[in-house]
Amino acid sequence: MFSVPATNLVEGVGARRRRLKRGLIVANVVVALLLGALVVTVLTAARRGYEHRALTAAEARAAVAQLNLASELAVVDAVMQATVQDVVHMATHDEHDVPTVDALLRSRVALLTGIESLRLADEQGRVRGGFPAQPDISVVDRDYFALAQQHLADKALIAGPFKSRTTGNWVLALVHPLRIHGRFAGALYGTINVDHFADVFDRYDLQAGDAVALRTADLRLIARRAPGGGLQGAPGSASVSPELMAAVSSHPVSGSFASVVAIDGATRITAYRAVEGWPLLVFAGVNHANFLAPWNEQAWHVTSLAGLAWVLIAIASGGVYKFGAREAQAMQTIAANAEAQRQAQAKISQLLQEQSAMLNNDVVGMMKLDAQQHIGWRNRALELLLGYPAGELAGQPLSALFLDRSQATEVMTLANALLASGENCRVQVQLRRKASDGVWADLNGVRVSEHESFWIAVDATAAHAAHDRLRHAASHDALTLLPNRVLLLERLSDRLANARRAGDQVGVCYLDLDGFKAVNDQYGHDAGDALLVEVARRMVTQLRTDDTVARMGGDEFVVLLAPSPWFNWPRVLARMTAVINAPVTLANGHVVTVGVSMGLAASDGSNDTPAALLTRADQAMLEAKRQGKGRLQIDGGLSSVLAQAGRNESS
């Protein structure tokens, strides 16, 4: 037996304390880095999800705007082509006098929406007739007149935007050259006030900070709508962000980008589409801050939890260091050695209790899995999340907790591959609670040894429900809760594909309420909204199982009719007309009535597209309006078939 001088013992304890201090500092730094990396990984993945949802909403809005504008411009172009043919016919039969031309152009203007003027110029550029009448006008110095002389395509050329000399408004011009026996004989041109396009954008469910804009192919601004006030941009301006310029340069037909908008300085996620058949681009921007608000709250919670965990670990490290100090004091007096050991053991027990309290929190579920994916250690938060009593989860395979067993196989295969390669595994799955109902959870796993992995489970039910609400809002009308244009086009495309395979026909009925504007003007927008909700509810009650009714905007609706004997469709629409015509009692006690004009078209079983079928039904509805409203107009190709089917049924 030998003794060691007290000085040497104190020096040895001091050296150990210094080594312990360095080790604790390094350990705390490593833990902080690991927690920081975990927080960054979780929040980065969550942010990508929110940004993806924002981009999806922007792409859907850009697709709807592109379809609306392409359809409207196609109608204007078709009317102008027919007008040019009529003018050529009159000129070749010596009927080309100014009053006759004026009467023709006035009748065509009545067919178009948003047209400010429709005029005819001769080969010298002098206006020879048009609506509204404006004598002594020459357009020979306009760029579009020179372009019209060289234009050989059937479709109109587009010029502008520029200021109209007669109205002073900013307009977009559609120009068709007039050729008689192959010789240029003038041009028919129509102007559309750019405010008309802004009014079209007002129909969309834009939130504060969102924006929709129409630009030419060389990025000059035509029209823009951004709710909430602020700058809207000057027509003709080509001021755009570098991100927009780069995106359009590399992907001129469609694409997306995030940028600070040059016009108003707002940050948006923007999707764009080329308007089919026209040198125009439509841009739909979603406010960045609106979609990231839930992510900001999530970031605060996750960061706070990670910070709390690190603070507890730091406190534990400080306790360990203090224990070393007490050990040094104990070594300085051999008499107090036993008491010092007792105090050190008590401190260690306290630290273990603090660590256990951190792991067994009631917020974040934690567990360890063995090599066979069976649950070993787990905390109380995991048991509470899944509704199990204490201890019942021990030894259970993780796959047994999945609500969908097929998903369990897929997820566990992915997890094994990622963990084996040293990567983290993060998935969102629906787990089975003991009461058999499901709970959405974010699972994040990391490999801690050759035979064990550590997993964190966070309740994601609220976030998943918010995602479902956003997805529903993107495909349904906010006022009537009916499907919107996006969902209608999706269902119509599926129905057409099924009908072609089965040899059936799909019916589309375009409806417009008669007298709605008068109710809206007399009793206010709230009364008008209540009327639309009631009409939508009544229409739904008359649908068959496979039919769909959607709101297109304003007081326009579309009914998608499932394949059936053709003469059944008018019966369904007759019942729908009856409930729409029935009186409606408003909240203020007033009783109002509205009528409905309908246009019915059917697929031809070959190459009908959703847009073409909707256009035919819309044109039939407009014909019903022109014939006196309150009636069903059947598309020409279907009317004869329906009439024959009715005669067969009568006989």
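The values are calculated or read from the model by the stated rules, or taken from the named source; none is laboratory data. No experiment lies behind these values; they were computed from the predicted model shown. Heads up, the Cβs are rebuilt from the backbone with ideal geometry, glycines too, and the neighbour counts pull from every protein chain shown. Just so you know, the surface numbers come from the protein's heavy atoms only, side chains and all, with ligands and any DNA or RNA stripped out. Shrake-Rupley method; radii C 1.70, N 1.55, O 1.52, S 1.80 Å.
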Residue 134 is checked against (1) within 21 Å of residue 91 (Cα to Cα); (2) modelled with pLDDT under 85; (3) out of contact with any helix residue (DSSP H, G or I) (no Cβ under 9 Å at 6 or more places or on another chain) and fails just one. What number does that condition carry? (1)
Of all residues in the stretch 23-36, which are closer than 18 Å to residue 307 by Cβ and open to solvent by less than 50 Å² (accessible area, probe 1.4 Å)? 27, 28, 31, 32, 35, 36
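Here's the yes/no breakdown for (1) under 20 Å from the mean Cα position of the chain (by Cα); (2) more than 21 Å from residue 54 (Cα to Cα); (3) among the β-branched types (Val, Ile, Thr):
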{"site": "268", "(1), (2), (3)": "yes, no, no"}
{"site": "290", "(1), (2), (3)": "yes, no, no"}
{"site": "302", "(1), (2), (3)": "no, yes, yes"}
{"site": "312", "(1), (2), (3)": "no, yes, no"}
On the given criteria, is residue 478 modelled with pLDDT of 80 or more and small (Gly, Ala, Ser)? yes
Near pairs, Cβ below 8 angstrom, 6+ apart or cross-chain, from the stretch 102-120 (under 7 Å from residue 130 (Cβ atoms)) to any residue that is among the hydroxyl-bearing types (Ser, Thr, Tyr) and assigned to a helix (DSSP H, G or I): 105/83; 118/83
Applying the selection to the stretch 199-255, what residues are acidic (Asp, Glu), open to solvent by 40 Å² or more (accessible area, probe 1.4 Å) and either over 17 Å from the mean Cα position of the chain (by Cα) or under 16 Å from residue 271 (Cβ atoms) (or both)? 199, 205, 218, 243
Looking at this structure, is residue 91 open to solvent by less than 50 Å² (accessible area, probe 1.4 Å) and farther than 30 Å from residue 269 by Cα? yes
Residue tally, condition open to solvent by 70 Å² or more (accessible area, probe 1.4 Å) and more than 17 Å from residue 367 (Cβ to Cβ), over the stretch 438-463: 2
Residues in the stretch 162-175 that are touching a residue at least 60 places away in the same chain (Cβ under 8 Å) and open to solvent by 10 Å² or more (accessible area, probe 1.4 Å): how many? 2
Do you know which of the residues in the stretch 121-131 that are without any contact (Cβ under 8 Å) to a residue 24 or more places away in the chain and not in a loop (DSSP other than H, G, I, E, B) is most open to solvent (accessible area, probe 1.4 Å)? 126
Go through the stretch 499-537 and report how many residues are modelled with pLDDT of 90 or more and over 26 Å from residue 626 (Cβ atoms). 10
Restricting the stretch 404-426 to residues that are of a type in the set (D, E, K, R) and surrounded by fewer than 16 Cβ atoms within 10 Å (Cβ to Cβ), the one nearest to residue 37 (Cα to Cα) turns out to be 423
Six or more apart or on different chains, Cβ under 7 Å: which pairs go from a residue in the stretch 270-287 that's more than 16 Å from residue 244 (Cβ to Cβ) to one that's assigned to a strand (DSSP E or B) and β-branched (Val, Ile, Thr)? Could you list them? 275/282; 278/158; 279/158; 279/216
Is it the case, given these coordinates, that residue 477 is out of contact with any His (no Cβ under 8 Å at 6 or more places or on another chain) and either surrounded by 14 or more Cβ atoms within 10 Å (Cβ to Cβ) or in contact (Cβ under 8 Å) with a residue 40 or more places away in the chain (or both)? yes
Those residues that are open to solvent by 50 Å² or more (accessible area, probe 1.4 Å) and under 17 Å from residue 481 (Cβ atoms), I need them from the stretch 527-555; list them, please. 529, 530, 533, 537, 540, 541
Residue, farthest from residue 513 (Cα to Cα), within the stretch 616-634, restricted to residues that are among the charged types (D, E, K, R) and within 33 Å of the chain's Cα centre (by Cα): 616
Is there a residue in the stretch 15-22 that is under 30 Å from residue 202 (Cβ atoms), assigned to a helix (DSSP H, G or I), of a type in the set (A, V, I, L, M, F, W, C) and open to solvent by 30 Å² or more (accessible area, probe 1.4 Å)? no
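Residue-by-condition table, conditions (1) without any contact (Cβ under 8 Å) to a residue 12 or more places away in the chain; (2) of a type in the set (D, E, K, R); (3) more than 23 Å from residue 620 (Cα to Cα):
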site	(1), (2), (3)
495	no, yes, no
532	no, no, no
536	no, no, no
547	no, yes, no
555	no, yes, no
563	no, no, no
588	no, no, yes
Counting only residues that are touching a Leu at 6+ places or on another chain (Cβ under 9 Å) and closer than 18 Å to residue 578 by Cβ, the stretch 501-531 contains a total of 6
Residue satisfying condition, being of a type in the set (A, V, I, L, M) and free of Cβ contacts under 8 Å to residues at least 40 places away in the same chain, within set 594, 572: 572
Determine the pairs where a residue that is at negative phi, located within the stretch 508-528, has a partner that is surrounded by fewer than 20 Cβ atoms within 10 Å (Cβ to Cβ) and among the basic types (Lys, Arg) with Cβ atoms under 9 Å apart, the partner being 6 or more residues away or on another chain. 512/625; 512/629; 514/625; 514/629; 528/517
For the stretch 143-161, give me the residue count where each residue is open to solvent by 50 Å² or more (accessible area, probe 1.4 Å), closer than 25 Å to residue 72 by Cα and modelled with pLDDT of 85 or more. 2
Assess whether residue 485 counts as being basic (Lys, Arg), under 22 Å from residue 54 (Cβ atoms) and open to solvent by 60 Å² or more (accessible area, probe 1.4 Å). no
Neighbours by Cβ (under 9 Å, 6+ apart or cross-chain): first from the stretch 31-42, within 14 Å of residue 423 (Cα to Cα) and in a helix (DSSP H, G or I); second of a type in the set (Asp, Glu) and open to solvent by less than 40 Å² (accessible area, probe 1.4 Å): 42/442
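Residue-wise test of (1) in contact with a strand residue (DSSP E or B) (Cβ under 8 Å, 6 or more places away or on another chain); (2) under 19 Å from residue 602 (Cβ atoms).
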position	(1), (2)
519	yes, no
523	yes, no
528	no, no
533	no, no
543	yes, yes
551	yes, no
561	yes, yes
570	yes, yes
